[in-house]
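Notes follow once the structure below has been shown.
Each value in this text was obtained by applying a stated rule to the coordinates, not by laboratory testing. Since the model is a prediction, treat every value here as computed from it, not as a measurement. We place every Cβ from the backbone using ideal geometry, glycine too, and count neighbours over all the protein chains shown.
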Amino acid sequence: MSIDAIKTVAVLGAGTMGNGIAHVFARAGYDVILRDVEQRYLDRAMDTIGKNLEREVKKGKLAESEKPGVLARFKPVTNMAAIAAADFVVEAVPEKLEIKRAVLGEADKLLRAEVVIASNTSSISMTTLAALTSRPDRFIGMHFMNPVPVMVLVEVIRALQTSDAAFTLTMELAKKLGKTPVAVNDAPGFVSNRVLMPLINEAAYCVMEGVATPEAVDAVMKLGMNHPMGPLELADFIGLDVCVDILDVLHEGLGDPKYRACPLLKKYVAAGWLGRKSARGFYGYPPSA
Ligand SMILES: NC(=O)c1ccc[n+]([C@@H]2O[C@H](COP(=O)([O-])OP(=O)(O)OC[C@H]3O[C@@H](n4cnc5c(N)ncnc54)[C@H](O)[C@@H]3O)[C@@H](O)[C@H]2O)c1
């Protein structure tokens, strides 16, 4: 399929990532079929998208007069059959292999043969996911970063089976969204989490061993290394449970003890201190933060 033949994109899952991915496609002029399992999740996503578009209007990035046109490009659906009209698909359902297996299997049966399916998984093997479909050569990773409308990177991950045509198409499509795609091959954690998670883990060890407070660790990395956020502030933003899950994937997939999740991270998760979303992690947050 040529890039110009892509007019309609389906986004599977309207959660944190799905609503952001749908947002950037609609902003780039694509019709977007946004699919979730219940209407209330779609309503929540459309509410978030409306607020994020409004923020772009206030910042002067989008003309007020263009907003209704962008919103009119969305077709929120609970009925999976509606995705059959899509020319490209991005999957952003929860990070559980069984959920992805069910959703990808269903989508694979509904979509035209030439349609490429991209997954936004942060840690599951693209090669494994590709093999769950009847189109492994037209399967690829499109790893968007949170918050999607703001972050420029899309890590484009080639499964072992991905064809050159599907890879080139996905790289071009990411550019059409105004993003910068970076190509990597399939391996546990890809590049983003393989490099980021050991940094976060080491920062947690520094706190656990009493080397420094969370504030001091983050200050060193912000002021000394020019990181916009400290690693522990970022860990709280990502979710400490998500960090432990990804470290487990790295540990198991690469077999090197250097990826072992820091016991302090695991202890915080056991206590329900998951970061911003639970109002407590390495830092405390007001309930609405
Ligand atoms: N949150 C992040 O920072 C982040 C960053 C990069 C990648 N990811 C990846 O993106 C994916 C989605 O993560 P998220 O944080 O948006 O999760 P989320 O839980 O916020 O959203 C997932 C959505 O999928 C919906 N869903 C469940 N089953 C479905 C189905 N059968 N069909 C359609 N929708 C279904 C859920 O109702 C929910 O609304 C995961 O693979 C995750 O690893 C997340």
ask   = Among Val154, Ser134, Ala45, whose Cα sits farthest toward the positive end of the charge dipole of the chain (+1 at Cβ of Lys/Arg, -1 at Cβ of Asp/Glu, about the Cα centre)?
value = Ala45
inquiry  = Using the alpha carbons of segment 93-173, what is the convex hull volume per residue in cubic angstrom, as a whole number?
reply    = 92
message = Give me the mean projected area, in nm² to one decimal, of the convex hull enclosing the Cα positions of segment 145-261.
response = 8.3
query = Exposure proxy check: Cys243, Cys206 ranked by fewest other beta carbons within 10 Å?
reply = Cys206, Cys243
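Under the classification rounded if a/c is under 1.5, otherwise prolate if a/b is larger than b/c and oblate if not, where does segment 53-209 fall, given a ≥ b ≥ c as square roots of the Cα gyration tensor eigenvalues?
Numbers: a/c = 1.72, a/b = 1.07, b/c = 1.61.
Oblate, since a/c reaches 1.5 and b/c is not below a/b.
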query = At what distance in angstrom do the alpha carbon centres of segment 117-167 and segment 222-286 lie from each other?
reply = 24
task = Just rank Leu129, Leu97, fewest to most, by other beta-carbon atoms within 10 angstrom.
result = Leu97, Leu129
key: Simple Cβ-charge dipole of segment 143-201, Lys/Arg +1 and Asp/Glu -1, about Cα centre, in debye nearest 20   = 140
note = Taking the convex hull of the alpha-carbon atoms of the chain and averaging its shadow over every direction gives an area in square nanometres of 15.5
request  = At q = 0.17 Å⁻¹, what is the base-10 log of I(q)/I(0) for segment 42-133 according to the Debye formula with one equal point scatterer per Cα and no solvent? Please give it to two decimals.
outcome  = -0.86
query = What FRET efficiency, computed as 1/(1 + (r/R0)^6) with R0 = 22 Å and r the Cβ-Cβ distance, is obtained for Ala5 and Gln39, rounded to the nearest 0.05?
reply = 0.10
ask   = Given labels modelled 7 Å from the Cα in the Cβ direction, how far is it in nm from Met229 to Ala212?
value = 1.8
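Would you order Ile21, Ile99 from fewest to most other beta-carbon atoms within 10 Å of each residue's own beta-carbon? Show your work: numbers first, answer last.
Values: Ile21 28, Ile99 14.
In order of increasing Cβ crowding within 10 Å: Ile99, Ile21.
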message = Suppose R0 equals 35 Å. What FRET efficiency, 1/(1 + (r/R0)^6) with r the Cβ-Cβ distance, do Arg112 and Lys61 give to the nearest 0.05?
response = 0.55
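What does the convex hull of the Cα atoms come to per residue for segment 1-98, in Å³? Can you show the working numbers first?
Numbers: hull volume 10.4 nm³, N = 98.
Here the figure is 106 Å³ per residue.
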query = Comparing Leu111, Leu199, Leu42, which has the greatest mean-square fluctuation in the GNM of the chain with Cα pairs linked when under 10 Å apart?
reply = Leu199
remark   = Once the dipole of segment 1-148 is set up from charges on Cβ (+1 Lys and Arg, -1 Asp and Glu), the residue from the list Ser2, Ala28, Val89 lying farthest towards its positive end is Ala28
ask   = For the chain, what is the mean residue ellipticity at 222 nm derived from helices alone (per DSSP H run of n ≥ 4: -39500 (n - 2.57); sum divided by total residues; nearest 500 deg cm²/dmol)?
value = -13000 deg cm²/dmol
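What size of dipole, in debye to the nearest 20, comes out for the chain about its Cα centre when the only charges are +1 on Lys and Arg C-beta atoms and -1 on Asp and Glu C-beta atoms?
Working: 33 positive and 33 negative charges, 103 e Å.
Using only the charged Cβ atoms, the result is roughly 500 debye.
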key: DSSP-assigned coil residues among chymotrypsin sites (Phe, Trp or Tyr not before Pro) in segment 1-48, each with at most 11 further Cβ atoms within 10 Å   = none
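Is the shape of segment 213-289 rounded, prolate or oblate, going by the alpha carbon gyration tensor and its root eigenvalues a ≥ b ≥ c, with a/c under 1.5 for rounded and a/b larger than b/c for prolate? Mind dumping the intermediate values first?
Numbers: a/c = 2.19, a/b = 1.22, b/c = 1.79.
Verdict is oblate for segment 213-289.
Could you give the dipole magnitude of segment 130-289 about its Cα centre, charging the beta-carbon of Lys and Arg +1 and that of Asp and Glu -1, in debye to the nearest 20? Mind showing how you got there, number by number?
Details: 15 positive and 16 negative charges, 69 e Å.
The calculation lands at about 340 debye.
Rounded, prolate or oblate for segment 1-58? Axes are the square roots of the Cα gyration tensor eigenvalues, ordered a ≥ b ≥ c, and the cut-off for rounded is a/c under 1.5.
Details: a/c = 2.82, a/b = 1.27, b/c = 2.22.
Note, shape of segment 1-58 comes out oblate.
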